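Remarks on the structure that follows.
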Amino acid sequence: MTLTILLVDDHPVVRAGCQSLLAEAGLGRVVEAPDVAAALALWRSERPDVVILDLNLPGGIGGRDGGGMEVLRLIRAESPAVPVLIFSMHEDPAIAARALKAGARGYVTKNDAPETLVTAVRCVLAGRVHLDHALARELALMALAPADDPLAVLTQREREILALVGRGLTAAAIAEALGISQKTVANACTQIKDKLGADSTRALIRIAIDHGLAA
């Protein structure tokens, strides 16, 4: 029996690459959708065995613009047994946790090795949950964090960067210390400010000091 895979992504190049990868692995027939409306229409007409779903999708239903999360919720409401695998550009464990809580059975980022997608599809089809080790570790740390810890929303790398910011290091110095680019540091600082509601680097320094990260 041939399996049907619904691939939902708004980038034609990404869909073409995934289509080729899945075909080479012999996983089944792939049908593609570029947006929310097309995804739900194909879902209802094809009744696929597994869904590979991007979270950043154009369009919505009933005036809403819920993207991939809306598709996930509606699919889970209609057929909770069918596995949905999130395939996203986002590496933030908070986003992965939200998707898993909404019913996704796995999470793959677009920075993962190509064969990871094939492994993940096979994993969720077998009834298991797929997470790479690094993401699983981050989710575990989030779950173990005290409920009243305002820093629980940060990833381990974001905590490391916040600690170095608290010690007064520049972006260049942080990049050198962690072996990453200054752009990555700048992007991380923006994410940290958004998560913690900080409006400046000085506010981040104060937060780091108050939570004992700048020692």
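Quick query: amide H of Val50 versus all other amide H atoms, modeled in the peptide plane; which residues come in under 5 Å with a sequence gap of 5 or more or a different chain?
Amide H neighbours of Val50, under 5 Å, 5+ apart: Thr4, Leu6.
In debye to the nearest 20, how big a dipole does segment 156-211 give about its Cα centre with +1 on each Lys and Arg Cβ and -1 on each Asp and Glu Cβ?
Value, rounded to 20: 20 debye.
What does the convex hull of the alpha-carbon atoms of segment 1-129 project to on average, in nm²? Walk me through the numbers before you get to the answer.
Details: hull surface 28.7 nm².
In nm², the orientation-averaged hull projection of segment 1-129 is 7.2.
How high is the relative contact order of segment 1-143? Use alpha-carbon pairs under 8 Å, at least six apart in sequence, and give a whole percent.
The value is 20 percent.
Calculate I(q)/I(0) for segment 145-197 by the Debye formula, one identical point scatterer on each C-alpha and no solvent, and give its log10 at q = 0.22, 0.28, 0.31 Å⁻¹ to two decimals.
The calculated log intensity ratios at q = 0.22, 0.28, 0.31 Å⁻¹ are -0.77, -1.12, -1.28.
Compute the long axis of helix 114-125 from its Cα atoms, compare it with the longest principal axis of the Cα atoms of the chain, and write down the angle in degrees, 0 to 90, nearest 10.
Compared with the principal axis, the helix lies near 60 degrees.
Any idea what angle helix 36-46 forms with the longest principal axis of the chain, computed on alpha-carbon atoms, 0 to 90 degrees, nearest 10?
Helix 36-46 sits roughly 40 degrees off the main axis of the chain.
So how exposed is Val124, as accessible area in Å² (1.4 Å probe, rounded to 10)?
Rounded to the nearest 10, the figure is 0 Å².
Take the solvent-accessible surface of the protein heavy atoms, probe 1.4 Å, and return the percent of it on the chain that carbon and sulfur atoms account for.
55
So how exposed is His11, as accessible area in Å² (1.4 Å probe, rounded to 10)?
That residue has around 90 Å² of solvent-accessible surface.
For the chain, what does the alpha-carbon gyration tensor say about shape, rounded, prolate or oblate, given a ≥ b ≥ c as the root eigenvalues, a/c under 1.5 as rounded, and a/b over b/c as prolate?
On the way: a/c = 2.29, a/b = 2.08, b/c = 1.10.
Judged from the Cα gyration tensor, the chain comes out prolate (a/c at least 1.5, a/b above b/c).
Using the charge dipole of the chain (Lys, Arg: +1 at Cβ; Asp, Glu: -1 at Cβ; taken about the Cα centre), state which of Ile205, Cys18, Asn56 has its Cα farthest towards the positive end.
Farthest towards the positive pole: Ile205.
Could you order the peptides 49-57, 103-111 from most to least packed, using the average number of other C-beta atoms within 10 Å per residue?
49-57, 103-111
Which lysines, if any, have their Cα less than 22 Å from the Cα of Lys110, not counting same-chain residues under 8 positions apart?
Once the sequence-local lysines are set aside, what remains near Lys110 is Lys101, Lys183.
Between Ser181 and Arg159, what length comes free when the chain is fully extended (0.36 nm per residue of separation minus the Cα-Cα distance, one decimal in nm)?
6.3 nm
May I ask for the angle, rounded to the nearest 10°, between helix 182-196 and the longest principal axis of the chain, with both axes built from Cα atoms and the value confined to 0 to 90°?
That works out to roughly 90 degrees.
The values are calculated or read from the model by the stated rules, or taken from the named source; none is laboratory data. If you're wondering where the values come from, they're calculated on a predicted model, not measured in any experiment. So basically every Cβ, Gly included, is an ideal-geometry build from the backbone, and we count neighbours across all protein chains shown. Surface areas here come from the heavy atoms of the whole protein model, side chains and all, with no ligands, DNA or RNA. Shrake-Rupley method; radii C 1.70, N 1.55, O 1.52, S 1.80 Å.
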